[in-house]
Amino acid sequence: MSLDCKQVIEFFSLHQHPDLTNQEKFEYRRHLLECQVCQNEYEEMLHTAAVLESIPDPVPPPELVERIQTQIRQTHRRSILNFLVNPIARILVAMKLGPHPTFVNYTAMLFYLMLTIFMVKLTFFNSTKPSPVELTRPLSPEVRIVRLGDVKHASLKTVRIEKEESKEIPIESTSNDF
Amino acid sequence: MIPDEIYVQKTIEGNAEAFNELVQRHHARIYGLAYRMLGNPDDASDATQEAFLEAYKSIQSFQFQSKFLTWMYRVGINVCQQYKRKADSRERTLTSYAQDLQESTGRNANEHPDRVLLKTERDQLVQHAINQLPSKQRMVITLFYMQQMKYREIAELLDCSEGTVASRLNTAVKNLKSKLEGLSLH
Ligand SMILES: [Zn+2]
């Protein structure tokens, strides 16, 4: 088995392909020992790797850890508040199913907001008196209400006359004579 | 030492201080990763903070099948990639200007005043060379040489085969070779 330099450089420079067989590894190594071109290439890569390993790890700014921890605490407090506000999210989390609690919370908040607007409208902006416009509005042509003495109402399609019955509610006389 | 996974369990149960212990333990490594990926300390700090916040919020999705640190690295890599994409669009003009300058003067970009970010010229030159690598190569170089991870761990982290890791490392070292040739080892 003969190897060309390109192959050696490709597969056996610094980082050996993990799937190489022992036989292949042996062949590559032998080529490397004999070939000056590949040896030079290998040396250069070795130097580059050493440079990469020699540069010191960057040191994080000292305040970074405190900054992160503070933000985690804030997020935690906010999530507790959400939990208190919305029991549905609590149940979903406990059951480990359903959408993200934040989503549930925002949906619930939107629902509460709409409910509040609706209630406010119902309480303050809904007059029970009919407006003057409604009073003068003509009735629909099919139905006319005619008042004739006792007659309550009549429709033109099916004439129906109802008499108002004067109901006499009999007073039950209970005799509780002692 | 209490294993990370105990703290993860406590975090899931609602203990934020348990998570802060994990922050204390691992922030330097995530910062190191972010620094090499993003190339400057400010972005690295912000990305580290964002990564831990993201991890805290999605701690429920931790499966206890891998190590916490591996999972944390994955979150960190995702955040860095998002940062990189944002920064790339923001700084494309600046970078090409710096490269033009470097080519026209034949000098190293580390002599450009905007690029004076690292303490020593040598570290700066290495970081600058890494910054110029394509994202995937930069990642394997960082994880293998700076974070001292093994092929298997990198492959798991990046969802690829160990062979891919090896060949990416070879390509990356080859690309860096010409840029770092003249550097001494200390
Ligand atoms: Zn050769």
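If you take each beta carbon of peptide A:35-48 and count the beta carbons of other chains within 10 angstrom, what is the mean? Write out the running numbers ahead of the final one.
Numbers: counts 0, 0, 0, 0, 0, 0, 2, 0, 0, 6, 6, 1, 7, 15.
Per-residue shielding by partner chains comes out at 3.
According to a simple spin-label model (label point 7 Å from Cα along Cα-to-Cβ), what is the distance in nm between A:Ala94 and B:Ile6?
Placing both labels 7 Å along Cα→Cβ, they lie 2.8 nm apart.
Stretch B:Gln63-B:Arg152 to full length: gain in nm at 0.36 nm per residue minus the Cα-Cα span? Please report the intermediate quantities before stating the final value.
On the way: separation 89, 0.36 × 89 = 32.04 nm, distance 1.91 nm.
Going from the current span to full extension adds 30.1 nm.
Go ahead and run the numbers for FRET between B:Glu13 and B:Thr70, Cβ-Cβ distance against an R0 of 22 Å, rounding to 0.05.
Details: r = 22 Å, r/R0 = 1.00.
Computed FRET efficiency for B:Glu13 and B:Thr70 comes out at 0.50.
Residue separation times 0.36 nm, minus the C-alpha to C-alpha distance between B:Asp159 and B:Asp42: what's the value?
Numbers: separation 117, 0.36 × 117 = 42.12 nm, distance 2.86 nm.
Answer, rounded to one decimal: 39.3 nm.
Which whole number gives the average count of other chain Cβ atoms within 10 Å of the Cβ atoms across peptide B:170-176? Please report the intermediate quantities before stating the final value.
On the way: counts 10, 3, 3, 10, 8, 1, 5.
Mean partner-chain Cβ count within 10 Å for B:170-176: 6.
Evaluate peptide B:19-26: per residue, the Cβ atoms of other protein chains within 10 Å of its Cβ; return the mean as an integer. Present the calculation step by step, with values, prior to reporting the outcome.
On the way: counts 6, 8, 1, 1, 8, 4, 1, 0.
The shielding value for this peptide is 4.
List the GluC sites (Glu not before Pro) within segment A:1-70 that fall in a DSSP loop (any state other than H, G, I, E or B) and whose Cβ has at most 14 other Cβ atoms within 10 Å. Working shown, then result.
On the way: sites: A:Glu10, A:Glu24, A:Glu27, A:Glu34, A:Glu41, A:Glu43, A:Glu44, A:Glu53, A:Glu63, A:Glu66; in loops: A:Glu63.
Passing both the DSSP loop test and the Cβ count: A:Glu63.
Quick check: with the 1.4 Å probe, what order do A:Met45, A:Met119, B:Met1 take by accessible area, largest first? Spell out each step's value before the answer.
Values: A:Met45 0, A:Met119 100, B:Met1 200 Å².
Final ranking, largest accessible area leading: B:Met1, A:Met119, A:Met45.
The values are calculated or read from the model by the stated rules, or taken from the named source; none is laboratory data. Please read all numbers here as calculations on a predicted model, not as lab measurements. Reconstructed Cβ throughout: ideal geometry from the backbone, glycine too, with neighbour counts over all protein chains shown. Side chains included, ligands, DNA and RNA excluded: accessible areas come from the protein's heavy atoms. Shrake-Rupley method; radii C 1.70, N 1.55, O 1.52, S 1.80 Å.
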